[in-house]
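The block underneath contains the structure these notes are about, expressed in structure tokens.
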Amino acid sequence: MAQTKKVALWGLGIFVAYTIIHSPARAAELVQIGFEGISDAANNIGEFMTQLIS
């Protein structure tokens, strides 16, 4: 199981490096989309907690 995890992480790392080298603009877009999603989720959780307390 540990060997599978290690191979998967190496594969993911190689894929990320290839994507950044091959298309840096697209990689930046994907990172931006990811951070926007995390930000939206955090804002929604904050709004939910505020409504829950009110």
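The values are calculated or read from the model by the stated rules, or taken from the named source; none is laboratory data. The structure presented is a predicted model; accordingly, all values stated were derived computationally and were not measured. In this analysis, Cβ positions are derived from the backbone assuming ideal geometry, glycine residues included, and neighbour counts consider all displayed protein chains.
Every residue, every condition in (1) small (Gly, Ala, Ser); (2) loosely packed, with under 10 Cβ neighbours inside 10 Å; (3) modelled with pLDDT under 90, yes or no:
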residue	(1), (2), (3)
Lys6	no, no, no
Trp10	no, no, no
Ile14	no, no, no
His22	no, yes, no
Glu29	no, no, no
Gln32	no, no, no
Gly37	yes, no, no
Ala41	yes, no, no
Leu52	no, yes, no
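Tally time: how many residues in segment 1-44 are of a type in the set (A, V, I, L, M, F, W, C) and in contact with a helix residue (DSSP H, G or I) (Cβ under 7 Å, 6 or more places away or on another chain)? Residues flagged as of a type in the set (A, V, I, L, M, F, W, C) and in contact with a helix residue (DSSP H, G or I) (Cβ under 7 Å, 6 or more places away or on another chain) within segment 1-44 amount to 2.
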